[in-house]
Each structure stands twice: as structure tokens, then as C-alpha cells.
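The values are calculated or read from the model by the stated rules, or taken from the named source; none is laboratory data. The structure presented is a predicted model; accordingly, all values stated were derived computationally and were not measured. A quick note on method: Cβ atoms are made from the backbone with ideal geometry, for glycine too, and the neighbour counts reach across all protein chains shown.
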Amino acid sequence: MPNFIKRYVRIVDRMNHAVGRATMYLVFLMIGVLFYSSITKTFFFPALWTLEFAQFLMVAYFLLGGAYSIQLRGHVRMDLLYGSWSERTQHKWDVFTSIFLITYMIILLYGSLSSLGYALEYGERSYSSWRPYMWPVKTVMTTGIFLMLLQTFSQLFKDVAAARGMPLTAVEEKPSP
């Protein structure tokens, strides 16, 4: 593989590894918000913002963690035949299916950019009683989809190299002292 592809894979993998590891902790913030919501609903006046804010955190958790899931090959896979194939055949199949995933990610990115543009241009707000602006969550959505698209290309390059018998390494880990 050319050096610029190796560099691309290394940079994208490192970036998505860092974003994914940081995103994992959003679940604790979401638990805290939902716990606060249950306490206020039980003993005090319920806060209007808690459930919608927890939904926004879930969007961030899901979409920002998506690229990390692709990197770890932790996404759902139909293993009817796939598991019995040789590793090179699996990589060839992954190259084929990556084309569909890239197409889907491009369509999602186009839609999310359009939605983000609308939210910024018109000051779109949620229809809930809290009425937050929608551009922050749509920015996170667009960023997450873009990172997944970048990671899908990285995975495609790694699968092509592995199918050729010259695997690229994923995130380069530093040796332990």
C-alpha cells in the first residue's frame, strides 16, 4: 500500500480510537442525568430538560462511538457463512460490503449536513416544552457520521491490504515498559 494510505489509516485509527474511548464515558453522564430525573420526579418538581438531554447524550454516544465500533469490528454481522470462510475470503467479502456502507454513509452525511444547515439557518428548536436549539445535537450527528465514513475508508484499505496478503496494522500500540 502507498505511504499516504498507511498514514491515512494510522491517523484515522488513532483519532477514532481516542474519540471512541472518550465517548464511552458519556454513558455515565447519561445515567447521572436519568438518575437526577427520577429523583426530581419522585420528590420534587420534575425537570423538563432531563429526558430530552439524555436522548441527546444517547445520540452522541451512539454516533461518536460508531467509528470506534467499526474499528474494533464490533458491529453486528450475519455469521451464517462468514465464520467458516478463510481470513482472506472474509476480507474480500468485507471489501465488497464496504462499498455499500460507504454509499450509505455518504447519503447519511449529505442528509445530516442538510439538516444541520437548516438548523443553523432557521434557528431550529425542539418541539418539547424545554425547546433547546437543535444545532448542537445535529453537529454531533454530522461529526459522528463523518468519523464513521472516514473509519469505513480506513477499514476498506485494511481489508484490501489483508486480502492481498499484506495486512496493515490498526492503531499502533506502544510497547509496555
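Just to verify a result, which residue in the stretch 1-14, among those that are surrounded by fewer than 13 Cβ atoms within 10 Å (Cβ to Cβ) and not basic (Lys, Arg), is nearest to MET141 (Cα to Cα)?
Step by step, filter the stretch 1-14, then rank; the result is ILE11.
Scan the stretch 80-104 for residues that are more than 23 Å from the chain's Cα centre (by Cα) and either on the phi > 0 side of the Ramachandran plot or of a type outside the set (Val, Ile, Thr) (or both) and jot them down.
Of everything in the stretch 80-104, those that are more than 23 Å from the chain's Cα centre (by Cα) and either on the phi > 0 side of the Ramachandran plot or of a type outside the set (Val, Ile, Thr) (or both) turn out to be LEU80, LEU81, TYR82, GLY83, SER84, TRP85, SER86, GLU87, ARG88, LYS92.
Could you list, in sequence order, the residues of the stretch 15-33 that are surrounded by 15 or more Cβ atoms within 10 Å (Cβ to Cβ) and among the aliphatic types (A, V, I, L, M)?
MET15, VAL19, LEU26, MET30, VAL33, listed by residue number.
Has the stretch 68-88 got any residue that is touching an Asp or Glu at 6+ places or on another chain (Cβ under 8 Å) and either outside any helix (DSSP H, G or I) or among the small types (Gly, Ala, Ser) (or both)?
no
Residues are listed down the side, and each one gets a yes or a no for (1) crowded, with 21+ Cβ neighbours inside 10 Å; (2) closer than 26 Å to LEU109 by Cβ; (3) modelled with pLDDT of 95 or more:
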{"position": "THR139", "(1), (2), (3)": "no, yes, yes"}
{"position": "THR143", "(1), (2), (3)": "no, yes, yes"}
{"position": "PHE153", "(1), (2), (3)": "no, yes, yes"}
{"position": "ALA161", "(1), (2), (3)": "no, yes, no"}
{"position": "ARG164", "(1), (2), (3)": "no, no, no"}
{"position": "PRO167", "(1), (2), (3)": "no, no, no"}
{"position": "ALA170", "(1), (2), (3)": "no, yes, no"}
{"position": "PRO175", "(1), (2), (3)": "no, no, no"}
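For the stretch 18-41, enumerate the residues that are among the aromatic types (Phe, Trp, Tyr), without any contact (Cβ under 8 Å) to a residue 12 or more places away in the chain and not in a loop (DSSP other than H, G, I, E, B).
PHE28, PHE35
Of the residues that make up the stretch 116-130, is at least one on the phi > 0 side of the Ramachandran plot, without any contact (Cβ under 8 Å) to a residue 24 or more places away in the chain and part of a loop (DSSP other than H, G, I, E, B)?
Yes, some residue in the stretch 116-130 is on the phi > 0 side of the Ramachandran plot, without any contact (Cβ under 8 Å) to a residue 24 or more places away in the chain and part of a loop (DSSP other than H, G, I, E, B).
Suppose we keep only residues that are surrounded by 13 or more Cβ atoms within 10 Å (Cβ to Cβ) and hydroxyl-bearing (Ser, Thr, Tyr) within the stretch 34-48. Which one would you say is farthest from the chain's Cα centre (by Cα)?
Looking at the filtered set, the residue picked out is THR40.
All but one of (1) exposed (fewer than 14 other Cβ atoms within 10 Å of the Cβ); (2) modelled with pLDDT of 95 or more; (3) within 19 Å of TRP49 (Cα to Cα) hold for GLU121; which doesn't?
(3)
Would you point out which residue out of PHE44, PHE56 is free of Cβ contacts under 8 Å to residues at least 60 places away in the same chain, among the hydrophobic types (A, V, I, L, M, F, W, C) and within 30 Å of MET134 (Cα to Cα)?
Answer to the check: PHE44.
Only one residue in ARG21, ARG14 is of a type outside the set (Phe, Trp, Tyr) and farther than 18 Å from PHE153 by Cβ, so which one is that?
On inspection, the qualifying residue turns out to be ARG21.
Being at pLDDT below 95, among the hydrophobic types (A, V, I, L, M, F, W, C) and either exposed (fewer than 14 other Cβ atoms within 10 Å of the Cβ) or in a helix (DSSP H, G or I) (or both) narrows it down to one residue among LEU51, LEU109; which is it?
Only one candidate qualifies: LEU51.
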